[in-house]
1. Among (1) under 24 Å from B:Ser80 (Cβ atoms); (2) open to solvent by less than 80 Å² (accessible area, probe 1.4 Å); (3) more than 12 Å from the chain's Cα centre (by Cα), there is one condition B:Tyr134 misses while meeting the rest; what is its number?
2. Tally time: how many residues in the range B:6-47 are of a type in the set (A, V, I, L, M) and open to solvent by 40 Å² or more (accessible area, probe 1.4 Å)?
3. Taking the range A:39-63, which residues are open to solvent by less than 50 Å² (accessible area, probe 1.4 Å) and under 11 Å from the mean Cα position of the chain (by Cα)?
4. In the range B:1-47, what residues are of a type in the set (Val, Ile, Thr) and under 18 Å from B:Val92 (Cα atoms)?
5. If I filter the range A:3-25 down to residues being under 14 Å from the mean Cα position of the chain (by Cα) and modelled with pLDDT of 85 or more, which single residue comes out as farthest from A:Val100 (Cα to Cα)?
6. Read through the list (1) open to solvent by 30 Å² or more (accessible area, probe 1.4 Å); (2) outside any loop (DSSP other than H, G, I, E, B), then give the number of the only condition that B:Arg127 fails.
7. Limited to the range A:20-38, what total is found for residues that are open to solvent by 30 Å² or more (accessible area, probe 1.4 Å), in a helix (DSSP H, G or I) and touching a residue at least 60 places away in the same chain (Cβ under 8 Å)?
8. Report, ordered by the first and then the second residue, all pairs with beta carbons closer than 7 Å, sequence separation of six or more or different chains, a first member in the range B:70-83 that is within 14 Å of another protein chain (Cβ to nearest Cβ), and a second member that is in a loop (DSSP other than H, G, I, E, B).
Amino acid sequence: MNKAIKSDNKQKVVIVPCSGIGKTYGTVSREAAYEVVENVRPGQTHLVALSLLVLGDEKSRESVSQYPSVTIDGCKLACATKMVEESGGTVAKDFAVLDVYRNHRKLKPKGIAELNEAGIKLAQVLAEEVAEVVDRLDFDAQPKQSTEGCNNG
Amino acid sequence: MTEYLETTVDKFIFRVAKDCFYNSEGVWARLEGDRVKIGLSDFVQQRSGDVAFAEVKPKGKSVNFDEEIAVIETIKVDISFSSPLAGTIVEVNPAMDEAPEVINEDPYGEGWLAVIEPDDWEFDRQRLFDAPQYFSRMKQEAEEEVAEGNE
């Protein structure tokens with residue numbers, strides 16, 4: 001049995017955002033992660049702080065090695081993605097805020113501690129994209145119903 | 001093959017292509033045949049951050065020396081850049097529309113901005129910095145910025 005499937009058959013996908021402080025795109029990545037974990041897919045996801053992975057926190061390392069991760073990087077250094085991989089985890093999908101912004105140019109994020117309206121909207125758009133990945137991972141993890149033998153009486 | 005002058009400032013390594021001339025904003029110009037290719041220096045791209053969008057004036061447009069030729073939007077800032085020479089734009093790098101991150105990945109190569117047919121390259125060239133001159137300016141600027149950041 002897949003160890004990533006809990007007793008409720010819900011796979012917990014780990015969300016790891018950027019930890020860049022003082023950077024607008026880092027803030028967007030964290031806002032998107034909170035949106036996914038708290039509002040959009042609260043039952044199927046949980047957050048792991050990049051800083052804990054850097055510190056080698058056992059519980060965090062265990063999470064990323066046990067469950068698939070979706071990383072949200074604030075810049076092309078891709079610290080979140082690299083750190084999950086270095087911690088023995090599997091990155092199911094890596095998002096970069098910049099790539100999402102390129103597809104939604106009207107949503108230009110500004111602000112650091114507090115995002116502007118466009119930045120908040122961009123985080124929500126990004127959260128929806130992450131949610132689609134979470135759903136796909138969840139679907140793939142469900143035990144498949146066998147149809148063999150259905151017509152054999 | 002392009003050779004570089006290189007310096008390390010704090011944790012950053014900056015390269016200056018020896019075969020280019022530079023304006024004060026760090027726009028490089030390299031003579032290729034009878035045309036001049038332009039782009040952004042390694043220092044400029046590192047200081048500006050990941051490029052989100054790059055808009056270069058279109059093919060066929062004439063530009064004067066020091067006239068705006070491109071606007072770059074990065075994760076940190078929006079910056080306007082001036083042309084290091086007068087002439088007519090004969091080619092714009094198609095990657096600027098599709099994948100402007102090439103400016104960050106390969107500033108002196110695949111990340112070029114445009115090719116210009118010069119009005120008078122010999123004249124404009126003398127208004128630019130050669131590689132060693134730009135290298136000194138860039139190094140000083142980088143060291144000052146690092147010092148300010150550490151204050």
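1. The failed condition is (3).
2. So the count comes out to 2.
3. A:Gln44, A:Thr45, A:His46, A:Val48
4. Matches in the range B:1-47: B:Val27, B:Val36, B:Ile38.
5. A:Lys12
6. (2)
7. Result for the range A:20-38: 2.
8. Listed pairs, sorted by first residue: B:Thr74/B:Gly49; B:Thr74/B:Asp50; B:Ile75/A:Cys75; B:Ile75/B:Gly49; B:Ile75/B:Asp50; B:Lys76/B:Gly49.
The values are calculated or read from the model by the stated rules, or taken from the named source; none is laboratory data. Please read these numbers as outputs of a predicted model, since none were measured by experiment. Glycine also receives a Cβ, built like all others from the backbone with ideal geometry; neighbour counts cover every protein chain displayed. Note: areas computed on protein heavy atoms with side chains; ligands, DNA, RNA excluded. Shrake-Rupley method; radii C 1.70, N 1.55, O 1.52, S 1.80 Å.
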